[in-house]
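I have placed the structure first, in the form of structure tokens, so that the comments after it can refer back to it.
Values quoted throughout were computed directly from the atomic coordinates according to the rules given, and no laboratory measurement underlies them. Here the structure is a predicted model, which means the values were calculated and not measured. Positions of Cβ are backbone-derived with ideal geometry, glycine not excepted, and every protein chain shown enters the neighbour counts.
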């Protein structure tokens with residue numbers, strides 16, 4: 001922990017529209033290992049202050065009774081400000097995550113699309129009416145904001161994942177306490193300030209920075225928080241569930257993944273190789289939907305694997321501000337060491353490293369947490385490389401002999417976030433996609449998506465959905481209001497005189 005910093009960005013929490021300072025945590029850029037920012041180390045007291053500010057804002061007529069059309073206008077204002085500052089937000093994420101700048105800019109642009117989607121949903125929000133349930137009996141069904149929502153954001157896509165949650169919460173009428181990762185808090189604080197510049201009242205969006213145990217856990221257990229939207233590892237997701245159980249706080253969990261890419265012999269192999277290499281190694285493989293498992297028909301496995309290796313070995317590892325870089329640094333050196341240990345474990349289990357497999361020897365990169373694209377062939381279903389989420393630029397290769405075996409292999413992990421099928425046979429595409437256990441199945445593509453489509457997983461990848469109409473519903477409670485147009489005859493009323 002640091003108590004002072006010079007020549008670096010120094011930040012406090014953002015609570016009720018004000019900066020709140022405290023002891024600081026240093027953030028070192030993963031590409032250079034130099035301190036670039038210091039963030040306030042949040043405590044339960046900070047979380048309590050933020051939750052109270054959000055609860056007061058939720059109760060205020062300035063927000064809770066704001067018409068949905070007006071909230072949509074405020075979200076459009078926010079989208080315009082995000083577009084104005086997109087370059088600065090991308091630079092923050094690029095520096096703090098270690099990813100190439102051009103990919104960070106793509107993240108911000110997609111986040112802006114989510115804001116506009118949420119605005120459109122706010123404009124078209126509607127309820128339902130039920131008539132004819134009984135004589136002179138009518139009911140209305142509405143979606144009410146759940147209240148104060150806690151948004152816990154991981155480090156791999158800081159701006160994007162915040163913007164997959166925040167605008168939908170605001171469109172629903174909720175107020176928010178967000179906790180970004182202690183490694184990547186810069187863009188969340190900037191976005192909170194932009195919310196108020198857009199006209200969203202102070203206290204509606206609050207940000208507490210710091211670690212999970214010190215700031216995240218108090219959010220999950222705070223009595224004023226009604227819903228927790230968490231994105232992170234399956235291990236921590238289980239801890240969030242246990243912590244929320246005491247107060248029966250609703251949770252939505254978007255957790256780990258181990259995406260399988262099932263490549264049949266009839267696929268367009270050139271297109272498949274391009275798509276899988278991008279999906280496996282984009283964002284340094286630090287993505288819950290990274291295509292980390294290649295399952296390929298044994299009749300084309302040698303040819304296809306060679307094409308994948310050629311493409312992977314041609315990717316350029318470089319500094320985030322290098323416009324030629326395809327792969328940046330991993331989030332920190334300890335994570336890089338864990339990725340390397342996983343590769344070694346895969347080799348020990350019988351895997352064959354075809355490219356990559358050790359930190360790069362480039363002296364210009366020696367200070368950073370860099371790791372090259374790595375392909376490991378001959379991986380069995382019991383191998384740790386096949387089963388465990390490595391969260392790095394590592395692709396395993398496993399062969400299959402039949403469609404049935406392909407589906408079994410794809411489903412043979414605890415995870416169920418996404419899967420991908422590559423085939424030109426439409427009947428096969430439908431049949432296999434139906435049998436794959438995942439919240440998302442891609443056919444002849446990978447890592448695609450749209451703000452209009454809900455996203456989330458099954459099995460150990462969590463539950464609940466983000467984005468689209470389903471994502472907005474996560475921040476609401478279903479309510480019925482029932483009307484009787486004439487007096488009801490009481491079943492206790494006596495219809496015959498008594499003696």
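Report summary: the helix-based calculation at 222 nm, which adds -39500 (n - 2.57) for every DSSP H run with n ≥ 4 and divides by the residues of the chain, gives -11500 deg cm²/dmol. Using a 7 Å offset from Cα along Cα-Cβ at residue 341, what residues in segment 254-298 end up with backbone N under 20 Å from the label point? Answer for this model: 256-257, 285-287. Listed from fewest to most Cβ neighbours within 10 Å, the set 241, 319 follows the order 241, 319.
Angle of helix 301-313 to the longest C-alpha principal axis of the chain, folded into 0 to 90 degrees and rounded to 10: 80°. Cβ-to-Cβ counts within 10 Å put 331, 376 in ascending order as 331, 376, the fewest first. Averaging Cα coordinates gives a centre for segment 216-264 and one for segment 376-425; these two points are 25 Å apart. If R0 equals 41 Å, the separation of the Cβ atoms of residue 434 and residue 493 corresponds to a calculated FRET efficiency of about 0.15.
Counting only alpha carbon atoms, the long axis of helix 186-197 and the longest principal axis of the chain meet at about 30°. Taking Cα atoms only, the orientation of helix 269-281 departs from the longest principal axis of the chain by about 70 degrees.
Using alpha carbons only, the radius of gyration of segment 260-443 set against its Kirkwood radius gives Rg/Rh = 0.96. Residues 332, 11, 114, ranked from the fewest to the most other C-beta atoms within 10 Å, line up as 332, 11, 114. With Rg and Dmax of the Cα atoms in Å as the read-out, I listed (1) 24.9, 104; (2) 31.8, 106; (3) 22.0, 70; which label goes with the value calculated from this structure? From the options (1) 24.9, 104; (2) 31.8, 106; (3) 22.0, 70, the structure gives (1). For segment 369-439, the Stokes-Einstein estimate of translational diffusion at 25 °C and a viscosity of 0.890 mPa s comes to 181 µm²/s, using the Kirkwood hydrodynamic radius over alpha-carbon pairs.
Between residue 124 and residue 44, 0.36 nm times their residue separation minus their Cα-Cα distance comes to what?
25.0 nm
The alpha carbons of segment 398-499 stretch over 86, 32, 27 Å along the principal axes, in descending order. Spin-label model, residue 382 to residue 316: label points 7 Å out along the Cα-to-beta-carbon direction sit 4.4 nm apart.
Shape class for segment 1-144, computed from the alpha carbon gyration tensor (a ≥ b ≥ c): prolate, with a/c not under 1.5 and a/b above b/c.
Here the extension length gained between residue 65 and residue 134 equals 21.6 nm, from 0.36 nm per residue of separation less the Cα-Cα distance.
With a simple spin-label model that places each label point 7 Å from the Cα along the Cα-to-Cβ direction, the separation between residue 141 and residue 21 comes to 5.3 nm.
Length, then width, then depth: along the principal axes, the Cα atoms of segment 281-357 run 41, 28, 21 Å. Relative contact order of segment 260-443: 28 percent, from C-alpha pairs under 8 Å at least 6 residues apart in sequence.
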